[in-house]
Amino acid sequence: MKAAIWSLVLVSLLVLLAVTNPDLPRFEAYCKQTFRQEVGKGDDPLAGALGSLLGGLAGSWMASRTVRHDYVIFSLYETELGPERLRVVGVLNQFIVVDRPRFPAGGDRQPATGRD
C-alpha cells in the first residue's frame, strides 16, 4: 500500500513539473520584465520610461538569440551574448539564472593590443 501511495505522489509530482515547464514565450516575458525592473531601479523617471519602452525590444531580442532545451519536467535556456552566455533553468513556471555573463563594468574594457 505504501509503495502505491509513493508511486502516486511521484507520478503526480512529475505531471506537475511537466505541466508547469515554461515555454519560450514565457521566457521572453521574463526577459522583458527583468529588463524593465533593472532599468527602473533608480529614481530617474526618464530611465523608468526608457526601461518600459526598451524592455519589449530587449526581451524579443533575447528570445531570438535563445536556444531552449526541453527536458519535459524543466527547460534550459541558453542565450549567447557575444563571447558570454546566459543560462537559465525554467521549472514550475519560474526562472533561475545559473550562469550570468560577466561583462566589465562601465568603461573598464581594455583595447586589444596584440601584446601579452
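Coordinate-derived values only; no laboratory data. Keep in mind the model is a prediction, meaning the values are calculated, not measured. Because the Cβ atoms are built from the backbone with ideal geometry, glycine has one as well, and the counts that use them run over all protein chains shown.
The set of residues in segment 72-84 being touching a residue at least 40 places away in the same chain (Cβ under 8 Å) and either surrounded by fewer than 16 Cβ atoms within 10 Å (Cβ to Cβ) or not in a loop (DSSP other than H, G, I, E, B) (or both) consists of Val72, Ser75, Tyr77.
Among the numbered criteria (1) farther than 22 Å from Thr20 by Cα; (2) over 14 Å from the mean Cα position of the chain (by Cα), which one does Glu80 miss? The single condition Glu80 does not satisfy is (2).
Restricting to segment 30-47, and then to whatever is touching a helix residue (DSSP H, G or I) at 6+ places or on another chain (Cβ under 7 Å) and of a type in the set (Gly, Ala, Ser), can you tell me which residue is surrounded by the fewest Cβ atoms within 10 Å (Cβ to Cβ)? The residue in question is Ala47.
Determine whether Trp61 is loosely packed, with under 13 Cβ neighbours inside 10 Å and either of a type outside the set (Lys, Arg) or in a helix (DSSP H, G or I) (or both). Considered against the rule, which asks whether it is loosely packed, with under 13 Cβ neighbours inside 10 Å and either of a type outside the set (Lys, Arg) or in a helix (DSSP H, G or I) (or both), Trp61 comes out as no.
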